[in-house]
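Step one of this worksheet: look at the structure below.
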Amino acid sequence: MAAAARWAAPIMGILVVLLLLPFAPAPASAATPTRSPPPSASSAVFLLSGDVYPTGHYYVTMNIGDPAKPYFLDVDTGSDLTWLQCDAPCQSCNKVPHPLYRPTKNKLVPCANSVCTALHNGLTPTKKCTSTTQQQCDYQIKYTDKASSLGVLVTDSFSLPLRNKSNISPSLSFGCGYDQQVGTNGAVQATTDGLLGLGRGSVSLLSQLKQQGITKNVLGHCLSTSGGGFLFFGDDMVPTSRVTWVPMARSSSGNYYSPGTASLYFDRRSLGGKPMEVVFDSGSTYTYFTAQPYQATVSAIKGSLSKSLRQVSDPSLPLCWKGQKAFKSVFDVKKDFKSLQLSFGKNAVMEIPPENYLVVTKNGNVCLGILDGSTTKLNFNIIGDITLQDQMVIYDNERVQLGWIRGSCSRSPKSLTASFP
């Protein structure tokens, strides 16, 4: 399946079955990696690659192992478990950018380990070890877009570039996936080697870094409309002013990052309906509204368009329009569309300008990047990458709050902090 279609669905773990399958890692290396001491408070900062269209997701290069080797991981705040495609040996893997990760036997996480218990407890249905002597922690996780990863939990070194220009290589636990399925075909070419799970659970990389005293349990990302952007762990890059903060709410549908319920507006006019339960998910390319707000949004947009735009069919997305000449970017057509707003209560508004809900396809058409969540049986609303672009989004688990502030998300390292106070 093409990348844009593959990643159009939200990437959030919703179903897990635990199985014990054969696993044959390489013999343990004689060298034992040394653990770096925790640094003084500092953020780990990474540049991002990718885009909403045509890549379909944003990803980070993580250097893993000893010696460290690079892997591309899809940045996903909608799930907890980080995993790499893994030669253990691999039963069903996609074609990936780098050679498959090869674990050694001494990297296996025993089933009795607390991180395995946390993984099992955080998944549905909850499973437990069959015995206290079981030498590996098995998992199988399925996502709402039918993708899945089956494997075992391992521990290895992650090389983290800190903002103070030092490096640290903590040992972190992640999934070694030896059976991946993407859509209906597990052998498709993939842009990434795996997934970076940054959810709220205790097995997420962010939680593990907090447990080891390396960074605070704070995460931020800035996704650029022109591609790329940056990602950080820790709190010393969080702006000190102008951030819109809302309390982190408990989602009724899972342990997701939710700013609570919001009222929806189009061009500052209420679209009616009951307040929407909202979840932020960087693992979803597009934004998904449930049936009522989706239909209200489509009706409002159609009712405001000029006659110069004509609705057409485009294989990229369900609802598209053609202009008098082919569009080259969203900014060519921005003036023909109005902004949406999500109001989370007093003084907490997320502005959604046209460039945060529209895509210009390779055919030169402009398409709506807000999709009907009822087609994937969602009962809550997902704010995906397209709407999170060109604003720093902060997931502060220390203070249990979510924040956002608009600004440039350029790849230039000098601009990482220049755009924000």
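Please compute the length gained on full extension between Lys362 and Asn167, using 0.36 nm multiplied by the number of residues separating them and subtracting their Cα-Cα distance.
66.1 nm
For a quick check: sort Phe230, Phe266 by the number of other beta carbons within 10 angstrom, fewest at the front.
Phe266, Phe230
Distance between the C-alpha centers of region 260-301 and region 304-358? Whole Å please.
Answer, in whole Å: 14.
Roughly how big is region 244-418's charge dipole about its Cα centre, with Cβ charges of +1 (Lys, Arg) and -1 (Asp, Glu), in debye to the nearest 20?
I would put it at about 540 debye.
Can you list, bin by bin at 5 Å, the percent of alpha carbon pairs in region 244-418, starting at 0?
That works out to 1, 8, 16, 21, 20, 16, 10, 6, 2, 0, 0, in percent per bin.
In region 323-377, if every C-alpha pair distance is counted and binned at 10 Å from zero, what percent goes to each bin?
22, 40, 29, 9, 1
Take Phe380, Phe174 and order them by how many other Cβ atoms sit within 10 Å, fewest up front.
Fewest-to-most ranking of Phe380, Phe174: Phe380, Phe174.
Determine which residues of region 306-334 fall in the zone a paramagnetic label at Thr376 would reach in this model, i.e. backbone nitrogen under 20 Å from the point 7 Å along Cα→Cβ.
314-320
Under 10 °C and 1.306 mPa s, how fast does region 258-319 diffuse according to Stokes-Einstein, given a Kirkwood radius computed over C-alpha pairs? Answer in µm²/s, whole number.
My calculation gives 117 µm²/s for D.
Could you give the length gained by full extension between His98 and Arg250, i.e. 0.36 nm per residue of separation minus their alpha carbon distance, to one decimal place?
51.0 nm
How do Thr77, Thr155, Thr130, Thr285 line up, fewest other C-beta atoms within 10 Å first?
Neighbour counts put them in this order, fewest first: Thr130, Thr155, Thr77, Thr285.
Would you mind checking Lys142/Lys216; Lys146/Lys216; Lys107/Lys216; Lys307/Lys338; Lys146/Lys377; Lys334/Lys377 for any pair whose Cα atoms are more than 23 angstrom apart?
From Lys142/Lys216; Lys146/Lys216; Lys107/Lys216; Lys307/Lys338; Lys146/Lys377; Lys334/Lys377, over 23 Å: Lys142/Lys216; Lys146/Lys216; Lys107/Lys216; Lys334/Lys377.
Kindly provide the trypsin sites (Lys or Arg not before Pro) of region 205-292 that DSSP labels as loop, not H, G, I, E or B, and whose Cβ sees at most 13 other Cβ atoms within 10 Å.
Here the sparse-neighbourhood loop sites are Arg242, Arg250, Arg268.
Could you derive backbone 3J(HN,Hα) for region 378-383 from the dihedral phi with the Karplus parameters 6.51, -1.76 and 1.60 (θ = phi - 60°), listing whole Hz in sequence and x where the residue is Gly or Pro?
Couplings: 7, 10, 9, 9, 9, 8 Hz.
Given a Förster distance of 51 Å, report the FRET efficiency between Asn63 and Arg268 from their Cβ-Cβ distance, rounded to the nearest 0.05.
So the FRET efficiency works out to roughly 0.65.
Under the rule of at least 5 residues apart or a separate chain, name every residue whose amide H is placed under 5 Å from the amide H of Gln401.
Result for Gln401 returns Met248, Asp396.
Projected onto the charge dipole of region 322-362 (+1 at Lys/Arg Cβ, -1 at Asp/Glu Cβ, origin at the Cα centre), which of Pro353, Leu342, Phe327 gives the Cα projection farthest towards the positive end?
Phe327
Every read-out reported here was derived from the displayed coordinates using simple, explicitly stated rules and does not represent laboratory data. All of these numbers come straight from a predicted model, not from anything done at the bench. Methodologically, a virtual Cβ is constructed for each residue, glycine included, from the backbone with ideal geometry; neighbour enumeration extends over all protein chains shown.
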